[in-house]
Amino acid sequence: MAFQLSDGTGIPVDAPFTIGTTNYPANWLRLSTAEEKTAAGIIEVADPKVYDSRFYWGDGTAKALDDVNATYTEDDPERGVKKGELMKDAEGNQIVYLGVKSILKTKEKTLAGSLLAKYDWYVVRKAEKSIAIPSAITTYRDGVRTACDTREKEIDACSDTEALVTLYGNTEQSDGTVKPNMTQYPIDPNK
């Protein structure tokens with residue numbers, strides 16, 4: 001919680017402060033009662049909502065889910081472009097602003113790649129020395145690829161930001177345990 005005076009002036013928590021001619025120690029807000037705060041003219045206010053930056057801008061506006069072609073926002077006669085015209089890079093390729101789904105799928109590929117990389121040496125050893133890859137490692141690597149593909153499909157299936165937030169969340173089960181809503185990567189066989 002945050003605290004302020006009735007005029008909107010903020011009061012820092014865990015820092016000494018002064019109201020009028022009265023000095024208060026750093027721990028006063030934590031130790032005082034609600035009545036003492038009210039008597040001093042202090043109002044308790046809710047902390048500002050913090051939005052998950054994967055899905056929302058700082059003000060709570062949902063980020064675009066899908067990729068968007070970049071366009072010029074105004075005419076620029078010097079460069080010979082008009083408002084609404086598609087923006088191209090130096091090689092003439094369309095500039096695209098990646099949406100949340102593309103960004104999340106790229107992160108999934110990166111994560112899967114890092115999980116697989118740990119055991120790439122088995123593949124190299126097999127190619128160089130014809131030594132078999134242990135079945136637990138092969139099963140794990142196949143599971144990582146399958147989980148990555150499934151997670152990308154789960155991301156694509158989300159029709160709005162709320163669905164994505166739910167997908168990346170958890171659901172409490174009837175027995176009190178918590179289960180992730182998204183397909184999970186397999187457990188590393190060496191853990």
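Test Gly99 against the criterion of being surrounded by fewer than 13 Cβ atoms within 10 Å (Cβ to Cβ) and under 20 Å from Tyr51 (Cα atoms), and give yes or no. So Gly99 fails the test. Residues in region 110-141 that are loosely packed, with under 14 Cβ neighbours inside 10 Å, within 27 Å of Lys63 (Cβ to Cβ) and not small (Gly, Ala, Ser): Thr110 alone. Residues that are aliphatic (A, V, I, L, M) and either farther than 16 Å from Asp188 by Cβ or in a loop (DSSP other than H, G, I, E, B) (or both) within region 121-138 comprise Val123, Val124, Ala127, Ile131, Ala132, Ile133, listed in sequence order. Within region 59-66, can one find any residue that is closer than 26 Å to Val165 by Cα, exposed (fewer than 12 other Cβ atoms within 10 Å of the Cβ), at pLDDT 95 or above and under 28 Å from the mean Cα position of the chain (by Cα)? There is at least one residue in region 59-66 that is closer than 26 Å to Val165 by Cα, exposed (fewer than 12 other Cβ atoms within 10 Å of the Cβ), at pLDDT 95 or above and under 28 Å from the mean Cα position of the chain (by Cα). Within region 140-166, the set of residues being out of contact with any strand residue (DSSP E or B) (no Cβ under 6 Å at 6 or more places or on another chain), touching a residue at least 40 places away in the same chain (Cβ under 8 Å) and either within 13 Å of Thr183 (Cα to Cα) or in a helix (DSSP H, G or I) (or both) comprises Tyr140, Gly143, Val144, Cys148, Arg151, Glu152, Ile155, Asp156, Leu164, Val165. Only a single criterion out of (1) of a type in the set (A, V, I, L, M, F, W, C); (2) out of contact with any Lys or Arg (no Cβ under 7 Å at 6 or more places or on another chain); (3) over 28 Å from Thr150 (Cα atoms) is not satisfied by Ala136, namely (3).
Counting residues in region 83-100 that are under 18 Å from the mean Cα position of the chain (by Cα), small (Gly, Ala, Ser) and part of a helix (DSSP H, G or I) gives zero.
Of all the criteria given as (1) within 32 Å of the chain's Cα centre (by Cα); (2) part of a loop (DSSP other than H, G, I, E, B); (3) more than 25 Å from Val13 (Cβ to Cβ), the one not satisfied by Lys109 is (2).
The values are calculated or read from the model by the stated rules, or taken from the named source; none is laboratory data. What you see is a predicted model; the values in this text were computed from it and never measured. With ideal geometry, Cβ positions are generated from the backbone for all residues, glycine too; neighbour counts draw on all protein chains shown.
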